[in-house]
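S.K.: Below you'll find the structure I mean.
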Amino acid sequence: MSQQSDLVNLGLALDRAGGIALDVEPAGGILPPWAGVLTELGISPLGEDARFAAAQAAKQTKGAPLPEVEAVFAKLCGPANAALCAEAVARYRELATARPKKMFSHAMAAAKLNRYDEYAPGAYVLRCPSCGAPRLKAVLHCDFCGADIK
Ligand SMILES: [Zn+2]
């Protein structure tokens, strides 16, 4: 497997885990699909009191508690992709604390500016518009296909 498809798969795994985590309601709760992700990765869920306290501390409006999601993203990314992990965690925090109206206006503003740094629906990491490899916000060209990102 090439390094690029490993990275593409990592991006997809982050999107999948993030989506399942965000579907958890109420904020700080746990649902079977998210419990399944934790089990898959060998991560112990937070205790009931701790998880609701963590979600409240992070001002989450929905989703699995941030520290749990951070642990999952870190496990998926490994030390080699710590920067990508940090951006995925920041994105999750943004989505899990957002109110619908705010998200909508943000998307509209980004669409008007025709920005390439907008996330695809359901995505937790940015991608190269040309080959789909995940990329960091600050990186303006793709390491894999060489495409420039404006
Ligand atoms: Zn590319």
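The values are calculated or read from the model by the stated rules, or taken from the named source; none is laboratory data. Please read these numbers as outputs of a predicted model, since none were measured by experiment. Here the Cβ is made from the backbone with ideal geometry for all residues, glycine too, and neighbour counts use every protein chain on show.
S.K.: Does ALA50 count as in contact with a Ser or Thr (Cβ under 7 Å, 6 or more places away or on another chain) and surrounded by 13 or more Cβ atoms within 10 Å (Cβ to Cβ)?
M.R.: Answer is no for this residue.
S.K.: Hey, another quick one. Quick check on region 101-113. Is at least one of its residues away from the ligand (no atom under 16 Å from the Cβ), of a type in the set (Phe, Trp, Tyr) and modelled with pLDDT of 95 or more?
M.R.: No, because not a single residue in region 101-113 is away from the ligand (no atom under 16 Å from the Cβ), of a type in the set (Phe, Trp, Tyr) and modelled with pLDDT of 95 or more.
S.K.: As an exercise: evaluate ASP148 against (1) of a type in the set (D, E, K, R); (2) at pLDDT 80 or above; (3) away from the ligand (no atom under 15 Å from the Cβ); (4) surrounded by fewer than 16 Cβ atoms within 10 Å (Cβ to Cβ) and give the number of the one condition it does not meet.
M.R.: Result: ASP148 fails condition (3) only.
S.K.: Still on this structure, I have one more. At pLDDT 85 or above, within 16 Å of the ligand (Cβ to nearest atom) and charged (D, E, K, R) - does that describe any residue in region 68-87?
M.R.: Taking every residue of region 68-87 in turn, none turns out to be at pLDDT 85 or above, within 16 Å of the ligand (Cβ to nearest atom) and charged (D, E, K, R).
S.K.: Oh, and also: Hey, among the residues in region 124-144 that are surrounded by fewer than 20 Cβ atoms within 10 Å (Cβ to Cβ) and in contact (Cβ under 8 Å) with a residue 24 or more places away in the chain, which one's nearest to the ligand (Cβ to nearest atom)?
M.R.: CYS131
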